[in-house]
Every structure is written in C-alpha cells, then in structure tokens.
Amino acid sequence: MQGVGTRRLGELARLVEGQLEGEPATPIRGLASLEQAETGDLSFVTGPKYRTAAEQSRASAFLAPPGLELPGRPVIRVADPFLAVARLLPLFHPEPWPAPGVHPTAVLAESARVARDASVMACAVVGAGSVVESRAVLHPHVVVGERCRVGEGSVLHPHVVLRADVDVGRRVVIHAGSVLGADGFGYVFDGTHHQKIPQVGRVVVEDDVEIGANVTIDRATLGATVIGRGTKIDNLVQIGHNTVVGADTIIVAQTGIAGSCRIGSRVVLGGQVGVADHVTIGDGAQVGSQSGVHRDVAPGGAALGTPAIPAAAARRTMAALPRLPGLLRAVRTLERRVAELARRLGDDGGR
Amino acid sequence: MQGVGTRRLGELARLVEGQLEGEPATPIRGLASLEQAETGDLSFVTGPKYRTAAEQSRASAFLAPPGLELPGRPVIRVADPFLAVARLLPLFHPEPWPAPGVHPTAVLAESARVARDASVMACAVVGAGSVVESRAVLHPHVVVGERCRVGEGSVLHPHVVLRADVDVGRRVVIHAGSVLGADGFGYVFDGTHHQKIPQVGRVVVEDDVEIGANVTIDRATLGATVIGRGTKIDNLVQIGHNTVVGADTIIVAQTGIAGSCRIGSRVVLGGQVGVADHVTIGDGAQVGSQSGVHRDVAPGGAALGTPAIPAAAARRTMAALPRLPGLLRAVRTLERRVAELARRLGDDGGR
Amino acid sequence: MQGVGTRRLGELARLVEGQLEGEPATPIRGLASLEQAETGDLSFVTGPKYRTAAEQSRASAFLAPPGLELPGRPVIRVADPFLAVARLLPLFHPEPWPAPGVHPTAVLAESARVARDASVMACAVVGAGSVVESRAVLHPHVVVGERCRVGEGSVLHPHVVLRADVDVGRRVVIHAGSVLGADGFGYVFDGTHHQKIPQVGRVVVEDDVEIGANVTIDRATLGATVIGRGTKIDNLVQIGHNTVVGADTIIVAQTGIAGSCRIGSRVVLGGQVGVADHVTIGDGAQVGSQSGVHRDVAPGGAALGTPAIPAAAARRTMAALPRLPGLLRAVRTLERRVAELARRLGDDGGR
C-alpha cells in the first residue's frame, strides 16, 4: 500500500545497514508485529521460536537475524532486528517537536530565564532563578520550582514537578507526574517526636537520562542526589536522598533505593527491588526482580532474593524450597529409623 | 431522627429486595458501621462474628443475612448485606454530577471536540485531535494529550494525564494523578548506550473500568496496551507496554505487570504482585499478594510466592519455613548418631 | 570564610547546648558532610567509624559525640550530632515563607474561605465549602476539592490533590503529587460484575504529619481514614480506606497498607512492606522492609518476612535458607547410610 510516508524496502535496508534478500522497490507503509501486520507492513522476527508466526504473517517483508530462513519472503538481514526497529520507527511515526514559545497561561517568575526557542506550554510554571534552555519543552502543567535548570532539548511531560535546586541536563526525558527534588525522608527522634532534618541539597540529572511516570527522586540532605548520564528509570521508582546512580544503568518499575546508596554504571535493577540505605552496588552488577539488597554487591555480581545473595545460590535455594515440607517428613522418618536401629544395638544415644 | 433525606425502613427493604422483620415506618437517616451508628442509622452485619457488636450498636435497624438472629431489633434480611449497602449508599450520599460546560481557564486545542454536556473544569487541557464525549467530566488540571478519546460519562479526576493516543471507553473512572500513555520502557543496548525504541502504540481502556490514583499504564510499542471491560485497578499499579488485561479483573494496589503480558478475565492479582514480561495468566486465576510470577498461570489456577508456584504448595512451604533452622540441627544430630552407629557396626561408610 | 550568614562557633555551640572544645570566635559559613566540607564549614561525626574521614576533612570544626577524640580540631560535643545538624541547618538555609495572597490564576469556589495570610499560588484550585487557614500554603497546581480543610501553617506542594472531605490539621507538609481522598477500592461481586461500593467517608490528617511525594491515602467507605499526629510517611506509600494510623509512626517508601487496618503509635514500617486488610499492628512495633504482614503484630513486637513472623525467628530462617540445597543432599546421603545400616542389621524398616 503506497501513500504518504511510504518507503522502499531497499532504502530501509540501507538505513539499518542490513542485507536485503528481495525486491528493493517493495513499498513499505509501516512497522507492525507479526500478528498485526498487513500487506505493506515491515515486521520483525527476533528468534527461531517466532518462525511459524512469521510464516503466517501478512507482512510484506521482515527484519530477521542471519540464519533464520523465511523461504519466499523478502528479508532484511540484521544482527539485531529489534535495534533495527528502533531505528526505523521514527521514520513512520515522526514526533513533531512542539512549537517554541511561552503559552499565555504559563506563569514565569521575573527572575526566570527561558530560551527563545524553548516551549513552555499551557499552565506551566517556572520559579525564581530557574533556567529553561534552548529547545527544552515544558508540557502543560509542569511546575519548575526555584533555582532549577532544564537543559537543552530536554522534555518534561505534563505535571512533572522539579521542586527546587534540581539540575536537569541535556536531552533528558521525564514522563508525566514524576517529582524530583521533594524533601528526603530524614528525621531524628528526640525522645518525644521525630524532628525533621532540613533537606537543603540538590538533585542532579545528567545528560540523556530518561525517567518514567510518577517516579520520585528526593533532594539530598546536603550535597546532591545524582542520576548518571544515559541511565533509564522506569515508572513508580523511588530514589532516596544522597543516592548516586552511575551511567547507563537500568532501573525497572517500582524499585526503591533508600538514601546514601552508590549504584554503579551499567547496573540492572529488576522490578520491585528494594535497596537498603548506604548500600553500594558495583558497576555492571545485576539484581533480580523483587530482591531485597542489604549488603554491597560486587562489580559484575548478580544478586537475588530477600535478603539478596549471589544469584546462582539463590536460584538453587528457590528451586529447593518446594521440597522443604517433604524434607521435614523425611527427617522425622529417619529419626524414627535411627532410634529403632540404636535400640537394636542397645544404644540409647546418650539420653 | 427524621429530616431531609430520611427514608422509611420499608422503602429501603423494597429497594434491596430484602425481607423486613420490623416496623416499616421506622425512619432511617443514614448508613453507618456498627460502632459508629447512632439512632436513626441503618447498619449491617456480614457474619456471626459481628453479632455482639450488633447487639451493642445504637443502630435503629440492620441489614443481616438469613439465620443471623438479633432478637428485638429490626432487620432487613438479604443474602449479601454488603451488596445491599453498596446499593443504598448513593441514596444517602448523592454525588451531584458537575455542571456541564468548559471553564474559562481550560485550554482546548482548535481541533479538539468537546460535547456540549461534558464538563471541562479549571485549567484542564484537551490536545489536538482529541474528543470528549457526552457527559464526560474532566476535573481540574486534567491533561488530555493528542488523539485521545474520553468516552461518554467517563470521569477523569484532578491531574489525570492521557499522554497521547489513549482511548477511554464509557463510564470509566480514573482517579487523581494517574498517567495513561507514557512511553513504555523499551531500549536496545547497542554496545555503548541504551538506544530508545520509540513507543508509538496506544492505550485502550474499555467501558466500565475503574483505575485508582497515581497508576501508570504505558502505551504500546506498536499496537495497544488494553484494559478490558469492567476491570478494577487499585492505586499505584504499573502496567507495562503491550500488556492486555481481560474483563472484570481485579488488580490490587502497588502491583506491577511488565510488558507483553496476557492477563485473563476475572483474574485477581493481590497487592504488590510482580508479573514478569510475556507471562500469561489464565481466566479466573488468583495470585497471592507480593508474589513474583515468572511462569504462566493456568486458567482457574492459584499462584503464590516468589517465584510463584501453585498456592497450596506455596502455603505448605511457607508453613514449613520457620522449622528450617531446627531441621538443620536435627540433621546434624542424625549425622552424628548414624556415624556412631556405623562405628559400632564396624562400618566407616565407605569413607 | 566570613560573609553574609557567617556565624561564630561559640554561638552554634550554645544553640545546640553543646560543650565547645576550641576557639569560640571561629567563623562558620555552613554545614557540610566530612567529604564535601571546605574551610569555614562545620561538619559532623556520628561514630568512631568515621574518625579517619574526619581527620582528613577540611572542615573548620566538628559536631561529635563524647569520647570521640579529634586532636587539634575544634569540636562541639553533643549527645546526638545529627540532631544538632537538624537544628543548625535552618540557620544556614533559611526557607523564606511564601508571600501571602491569592495568585490571579488561582480558581476559588464562591463558598471557599481562604485566610488573608494564606498563600494560594499559581493555578491552585479550592473547591466548594473548603477552608484554607492562616499561613497555609497551596503551591502551584494544588487542587483542594469540596468540603476540605487545610489547617494553620500547613504546606501542600505542587500538584497535591485533596479530593473531597479531607481534613488536614496544622503544620502538616504534603509533598508533590500526593492524592488524599480518592475512592477506596471496594466492590461487591454480584455474580456478573464488580459493583462499586460508594466511598463516602473522609480522610483525617492530624497535626504535624509529613507525607511524601506521590503517596495515595484513600477516603473511608464510611467514617474516616486517619493519619495520627506527628506521623511521617515516605514517598509512594499506599494507605487503604478506613485504616487508622497512630501518632509518631514512621512508614518508609513504597509500603502499602490495605483497608481497615489499625496501625499503632511509634510503629516503624520499613520500605515496601505490605499489610493485609483488617490487620492490627500494636504501638511501638517494628516491621522489616519487604515483609508481608497477614496477622496482628503485638505492641512492641518485631515482625519480618513473607508471611511475617517474629523477626528473630525470621532472621534465623533467612540465615538458614542458603543451606537448604546442601541439606537436601545430606538427607539423601543419610537415607542411604541408614538403609545400609539397617540391611546389615537385617532390618527392612517395616517396608
């Protein structure tokens, strides 16, 4: 199906640096999953277990890895079909950048500075001493508090709050409803009440970070809570005060990191993980979902379970667990048999 | 106590199709729990364990199941007293529907279409190409992005965000702060950085769904994330991209469902459950709170634990767990006794 | 380094009622951690394990407990250095109270009453029948619904929602994005669909409570959900309908409490804890992080694990768990040896 936005298969193969097996002039209208693809769509096969689905698909062509044969169907060979999809999607779904300018309903403090080519949309607020840099986008109802920075080309989705003293780098994306810079959770019990420790530190979000929806990242007590360059954070994650996260780390949804932690670079924390305060997780470490991490994890380590232990040991324990009730019975049987044998030998076990 | 909104007990019995044991003219002013009820209130007894509390209650009458005797007190007999409460509450607490119209502070895109009898309240935003149908209500500060639909009679509470391409059916309720249509969490590691996979799919919420506060439901990569008709979702739940949830399913607070899952109809997921990506949970299955589901659950199945296994087996394991330290000691004792017996038999166990 | 806001060490010692060892005229410009302190900063040492860091610090003086020697360095002796920090921080980081008045973009219902010296900031909304008391602060985009109260000196950060019938006491702080008064999660299954039980009760937040960001606290079905005086709640916590929390309790991030619970005073719930409905947790009890509490916890008790049991027993179980796979092997070995011994004795174990 030809039309606006239709591309030729040969052009797409070149864009992803793939090898084309098929007719380069084949028109491609869009990308779709194997099940949902129609004539005119390019689909993708990530492994042999999807071969049957591919054969039954109505797609006009496929992105597929070397060795995965689809006789009679046009294929673009690429090492990683999903990476190719990531590259081609913007072609068919161009996201128009919002028009620059400040919406008349936006509220800017006198001392706020907003770049001419930034977009400040309906009802957005920019507080005293804050800076919105070139091509940054504040979606409707974003609230930027005092002494914040929104770096070049960063996008804050609706209802994002930067409370105060939050520094957001360049090309950062923060999804709707996330709150950066709320007070850390710090009290001292004076014998009668919990006295609040004022939280006067900052939040620093480095370049190319992406933060999901309804996330909370607290400001430091003193100093800074830091999210390192290129790190990606999923929805509903909590990051406590003074925690420092390295670069290119992945934090999956609903994970909570307490205060004063050191999370390395290229770490992967699964979903619903809890990390206790002052814990260090080394570069490249991986923590399985729902784990509770109370001790440091070495660089490159894998941790799992509550409390988290090395993942291989945790998996053995988890696999053994359902056998525990049977084990209890087996040991009771053994005790009876040993007592019986001892009786026969005239041995009362010293009792 | 008679007054505005006072009803007669006989009328209430008819409304819930119950059998009245007592004076139909008894005036009833409101509903209250056994402890908080005053003269003039109708209360409810759900089972025999609340009989003493009922006897001590000041309520003027009771909704009670057959067989639960309360001598000398007026009773409306119904099979399910709580269902009767649900039916009678709106009578005493009528929730006035907001007046139709668009508040002067609301911001509507030129291409947005809002029904004449819809309510668009203070500072609400409706983006390009979006539709707000008849009698729908956008509470203050709701942000409806581009190409969305808010179906007939649906209510979006304050600060709800429909990011883009979100289709909300009829009579849907979404509580405050929830975000539908944020980007799914999808990246491909290119060897150096995490490359974002553009998320260009939709979210579809079918009729009669209710969604709690500060929930996040991500848009699909391609295709749609779907919440089926009549499903009820509690607060702070996360639903990943491309996941499809069936009809009349219950998802309790803080549960997280990863991407590309298939959750059936009439499923119950307890609180703080985690479901790994690509998992299928069959119709009518039940998953216990805090479980971590990594494998499919059959229709009608019950799963529990991390990793989740059939609930009966998981309960046996959980009951046995506190006996593990004692078991370790018992086995050490056995090993000593067996070694001793072997020595007496002149057997060294092959060692 | 002297300047605006510089204080003398002697003055600071007096303010925290500490004993000064050093020159009272020493100028102090601010507070900083041991690592980040520069000349002119006062730092703090909470225990002997930080002595080396203190000796290497560039701080001009230290808050330190009795007995912790730092030869040649000025020290203010205090029993609890962190409590002293909490008291001194506001001195160096005064938080200016917002100017009173109603911003022109705020939207007030006719029947709303706002004290003259309250602050209602940009785009804030106050609904019908609601009251904002003296010196209360509604940050930008706060939505106060119908029949609510915001008590004297309380601060609601951006995007906080009080849905309806929410009573907030005095000196309460609610951080950004939190939702109080959304409907509780209550349905009755009528055999076909989940019928909603109308939620018409209230939320009561007593004086001096602090609530984190993106928290959800549901209104009661009937009666009230209550947060007791001085209680502190961290980010992303869920509190169900009709639950009553006592005074001076601590609830750490991402914990979820179901409906109709009774949580005592001075309780501590760790992070990511789940509490099932109708559970009572007694005064002063402590629950370890990620626990799942299904049964009552006695006053002063300590609970841990899923399902939660007394903490000491749970710790023994957790410590024993990694030994389970080895135990399975040991028991199999024992069974073989016992069978062998029995054979030698001519005993077939009754089989």
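Assorted remarks:
- Local net charge near B:GLY72, Cβ-Cβ under 11 Å (Lys/Arg +1, Asp/Glu -1): -2
- Förster-model FRET efficiency, 51 Å R0, B:GLU17 and C:ARG316, C-beta, rounded to 0.05: 0.40
- Scanning chain A for GluC sites (Glu not before Pro) that sit in a DSSP loop and have at most 14 other Cβ atoms within 10 Å, the longest stretch containing none of them is A:111-351.
- Under 15 Å, Cβ to Cβ, from A:THR6 - net charge with Lys/Arg +1 and Asp/Glu -1: -1
- Reachable lysines from A:LYS196, criterion Cα separation under 17 angstrom, eight or more residues apart if same chain: C:LYS232
- In the A-C interface, the accessible area buried, summed over both sides, Å² (probe 1.4 Å): 5100
- For the range A:62-72, 3J(HN,Hα) per residue [Karplus equation, 6.51 cos²θ - 1.76 cosθ + 1.60, θ = phi - 60°, Hz, x = Gly/Pro]: 9, 8, 8, x, x, x, 8, 7, 10, x, x
- Distances between placed amide hydrogens fall under 5 Å for B:GLY129 paired with B:SER111, B:ALA112, B:ARG147, all partners being 5 or more residues away or on another chain.
- Couplings 3J(HN,Hα) for the range B:248-256, derived from phi with the Karplus relation 6.51 cos²θ - 1.76 cosθ + 1.60 (θ = phi - 60°), are 6, 8, 10, 10, 7, 3, 6, 6, x Hz, where x marks Gly and Pro.
- Cα shape, the protein assembly as shown, gyration tensor, a/c 1.5 rule: rounded
- Accessible area per residue, Å², chain A with all protein chains present, probe 1.4 Å: 39
- Amide H contacts of C:PHE44 (H built 1.01 Å from N, in plane; Pro and chain starts excluded): C:LEU34, C:LEU63 sit under 5 Å, all sequence-distant by 5 or more or on other chains.
- With the label put 7 angstrom out from Cα along the Cα-to-Cβ vector, A:GLU38 ends up 6.4, 6.4 nm from the copy partners, going from closest to farthest.
- Ranked from shortest, the separations from the 7 Å Cα-to-Cβ label point of A:PRO98 to its equivalents in the other copies are 2.1, 2.1 nm.
- Taken about its Cα centre, the range C:251-351 carries a charge dipole of roughly 520 debye when the Cβ of each Lys and Arg holds +1 and the Cβ of each Asp and Glu holds -1.
- Taken about its Cα centre, the protein assembly as shown carries a charge dipole of about 3180 debye when Lys and Arg each add +1 at the Cβ and Asp and Glu each add -1 at the Cβ.
- The range C:25-158 - Debye-derived log10 I(q)/I(0), Cα point model, q = 0.15 Å⁻¹: -0.69
- Global geometry of the range C:264-312, whether rounded, prolate or oblate, following the gyration tensor of its Cα atoms and the 1.5 cut on a/c: rounded
- Oblate is the label for chain C, because a/c, from the alpha-carbon gyration tensor with a ≥ b ≥ c as root eigenvalues, is 1.5 or above and a/b does not exceed b/c.
- In this structure the amide hydrogen of B:GLY101, modeled in the peptide plane, comes within under 5 Å of the amide hydrogens of B:ALA118, B:SER119, B:VAL120, none closer than 5 places in sequence on its chain.
- HN-Hα J in Hz across the range C:275-286 - Karplus 6.51, -1.76, 1.60, θ = phi - 60°, x for Gly and Pro: 10, 6, 5, 6, 8, 10, 10, x, 3, x, 6, 10
- Rounded to the nearest 20 debye, the dipole size of chain B about its Cα centre is 1120 debye, using +1 on the Cβ of Lys and Arg and -1 on the Cβ of Asp and Glu.
- Point-to-point label distance, C:ARG113-C:THR6, nm (Cα→Cβ direction, 7 Å offset): 5.1
- Net charge, B:GLY271 excluded, C-beta distance under 10 Å - Lys, Arg +1, Asp, Glu -1: -2
- Distances between equivalent label points of C:GLU21 across the copies, with each point positioned 7 Å along Cα→Cβ, amount to 7.9, 7.9 nm, shortest listed first.
- Centre separation in Å (Cα based) which lies between the range A:199-246 and the range A:102-171: 18
- C:GLU335-B:ARG295 FRET efficiency (beta carbon distance; Förster radius 22 Å; 0.05 resolution): 0.10
The values are calculated or read from the model by the stated rules, or taken from the named source; none is laboratory data. None of these values were measured; they are calculated from a predicted model. Cβ atoms come from the backbone with ideal geometry, glycine included; neighbour counts cover every protein chain shown. Each accessible area value is taken on the protein alone, full model and side chains, heavy atoms only, with ligands, DNA and RNA left out. Shrake-Rupley method; radii C 1.70, N 1.55, O 1.52, S 1.80 Å.
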